[in-house]
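Below: one structure, written as structure tokens.
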Amino acid sequence: MHRPAARRKRRLSPLRPRRPLPPPRLLAVTVASVSTLLFLALVLLSTSTSLPSPSRRLAISGRRSSPAARPRCGAASLGELSDAMVAMLPRDLPFTVFVPSPGSFRRVLKLQGRTSNASAAAADAEGGGDNTYAVLSRVLGFSTVPRRLLAADVPPRQALESVSGLRMHVSRDASGALVVNGVRSECVDVVRGETVVHVVAGVLMDAEFERSFAVGSDG
């Protein structure tokens, strides 16, 4: 006997629905994102291997950013005449003074120390002095800028004007020292109230005063 045809047919298993393929645009975005992440990972890896250690980075940045060391004036290094000059200025107003060193007072101006401004002014007024107070007053006008400038704040290669109108051309030498009208600083940043004092190895003055002083010294 023959089996029915229905039984001879094999039962077919139901087909699972296929997953839809991602749209082409979504596929492209996914590939681009993966590529970008891989690129960033490679960049970070190469950067981390090429950077120096933290201590090495601090040493490099310190060498680049730290300026050349500038000597700072001690408490007693101004000298009596420089102190007398600075004392002529009001302490509550901002000034910057490029005072001569003690040796410059003796060498250039032929001045020695005096006891006080008051005694020097009184002696000069009575005609019995050596004009120390008058000379200090003139030099103070040439040497004083009506601004408060620490050494780091002094603009290089820029002219400053003193209270008497003398133009000061400021620069820095290879060691970082200030050079004002060709006169080099010996030490810097003495703060007296609102006044900042820089000691220079010379005397700042105009040509007329220099000539008159030279004539007076020769006579």
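Here are the numbers:
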| item | result |
| --- | --- |
| Qualifying residue in the range 142-152 (condition: under 16 Å from ASP83 (Cβ atoms), at pLDDT 90 or above and in a helix (DSSP H, G or I)) | yes |
| Hits in the range 179-196 - residues which are aliphatic (A, V, I, L, M), closer than 21 Å to ALA159 by Cβ and in contact (Cβ under 8 Å) with a residue 60 or more places away in the chain | VAL180, VAL183, VAL188, VAL196 |
| Residue, surrounded by the most Cβ atoms within 10 Å (Cβ to Cβ), within the range 171-207, restricted to residues that are charged (D, E, K, R) and part of a strand (DSSP E or B) | GLU186 |
| Criterion: at pLDDT 95 or above, of a type in the set (A, V, I, L, M) and farther than 20 Å from PRO102 by Cα - qualifying residue of LEU166, LEU204 | LEU166 |
| Complete set of residues in the range 88-120 that are assigned to a helix (DSSP H, G or I), surrounded by fewer than 14 Cβ atoms within 10 Å (Cβ to Cβ) and modelled with pLDDT of 90 or more | GLY103 |
| Of all residues making up the range 153-170, the number that are part of a loop (DSSP other than H, G, I, E, B) and farther than 14 Å from PHE95 by Cα | 5 |
| Residue satisfying condition, being outside any loop (DSSP other than H, G, I, E, B) and at pLDDT below 55, within set ALA123, ALA69, ALA76 | ALA123 |
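The values are calculated or read from the model by the stated rules, or taken from the named source; none is laboratory data. Given the structure is predicted, the values throughout are model-derived calculations rather than measurements. Quick reminder, even Gly has a Cβ in these numbers, built from the backbone with ideal geometry, and neighbours come from all protein chains shown.
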